[in-house]
Structure formats: C-alpha cells, structure tokens
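Working notes, beginning with the structure itself.
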Amino acid sequence: MDTQQVLEKLDRAWKDFEQSYAGLTREQLMIPNVTGKWSIRDIIAHVTWWEEEALKHMPVILLGERPPRYSDKYGGIDDFNAIMTVKRSHLTLDEVLAQHDDVHARLVEYVRAAPEDLWATETKFRRRLRLDTFGHYPVHTNAIRAWRQAHGQ
C-alpha cells in the first residue's frame with residue numbers, strides 16, 4: 001500500500017459514512033437512539049473525536065513512543081466515549097458539522113504528508129489510522145443505514 005491507496009481507502013469510507021446520513025433533515029440528525037442513546041449528530045461528533053485521537057497519537061507513534069492506554073487513562077474506550085459524549089453535548093449541530101469537516105481535512109493533509117514507508121506494511125502508525133478512521137467509519141455507516149431502514153428514513 002502507498003499513500004495514494006491509503007488516501008483512496010480513507011476517502012471511500014468517509015464518503016460512504018457521509019452518504020449514510022445524506023438527505024436527512026436537521027431534525028432527523030438530532031433524533032436519539034440511532035446507536036444506543038446517540039443521535040446521528042452524536043455519531044458524527046464521535047467519528048470526529050476519533051479522528052482527533054488519530055491526529056494526536058499518530059505523531060507519538062511516529063516518534064517510536066506509545067500513546068497512553070485508554071484503560072489506564074480513562075478506564076477503557078467505552079468510558080472515554082462516555083466522557084467525550086458529555087464534553088461534546090453542548091455543541092450545536094452546526095458546530096459538530098464544522099468540526100467534522102475541519103478535523104477530517106486536517107487528517108487527510110497529515111496522511112498525505114506522512115512518510116511513504118509507513119504505508120508499505122501494517123505498521124503501528126497505519127494500524128492506528130485504520131482503527132480510528134476507515135476501519136471505524138463503517139461501524140457507524142451501517143448503524144445509520146440500519147436505523148434509516150427500520151424507521152423509513
């Protein structure tokens with residue numbers, strides 16, 4: 001795999017995620033219980049904070065260091081997600097969407113500028129990107145599509 005292939009994989013999964021909620025009204029994006037108690041707005045915020053985590057931890061990995069474990073720092077990934085849900089709960093839909101676009105653009109630029117050799121094999125760097133982005137988006141893409149189908153949305 002090379003940078004272009006990684007960018008294409010990232011872009012395909014991103015577009016698929018965005019398409020999963022395309023055409024819904026602002027009100028529909030705010031309906032709770034799409035995934036657990038989360039609305040689509042909450043899911044978008046969630047995807048964004050995991051991209052932020054990638055941007056925060058990939059440089060650490062690049063330096064040969066290990067990011068802190070979520071179990072040590074927060075009690076686990078579920079606890080981290082719960083903390084972030086509360087932290088982002090005050091944001092308006094417009095703020096969530098703006099952050100979503102901004103963080104994703106920064107992530108794409110970071111990936112584009114990363115050394116080519118990081119993509120050749122399953123490095124810790126590439127694994128982190130996959131887990132936080134193109135391996136993560138489909139979970140929520142599928143949940144949104146299932147919700148839409150079940151609710152005639």
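The numbers here are math on the coordinates, done by the rules we state, and not lab data. Just so it is clear, the structure is predicted and the values come from calculations on it, not from any experiment. Every residue, glycine among them, receives a Cβ derived from its backbone with ideal geometry; neighbour counts consider all protein chains shown.
Summary table
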{"item": "Structure-based [θ]222 nm, the chain - -39500 (n - 2.57) summed over DSSP H runs of at least 4, per residue, nearest 500", "result": "-22000 deg cm²/dmol"}
{"item": "Segment 47-153: GluC sites (Glu not before Pro) in DSSP loop, at most 13 other beta carbons within 10 Å", "result": "GLU65, GLU122"}
{"item": "Loop trypsin sites (Lys or Arg not before Pro), segment 53-152, which have at most 11 other Cβ atoms in a 10 Å radius of their Cβ (DSSP)", "result": "ARG69"}
{"item": "Simple label model, 7 Å out from Cα along Cβ direction - ARG112 to ALA146, nm", "result": "3.5"}
{"item": "Distance (nanometres) between label positions extended 7 Å along Cα→Cβ at LYS73 and ARG26", "result": "3.4"}
{"item": "Within segment 15-44, trypsin sites (Lys or Arg not before Pro) in DSSP loop having at most 10 other beta-carbon neighbours inside 10 Å", "result": "LYS37"}
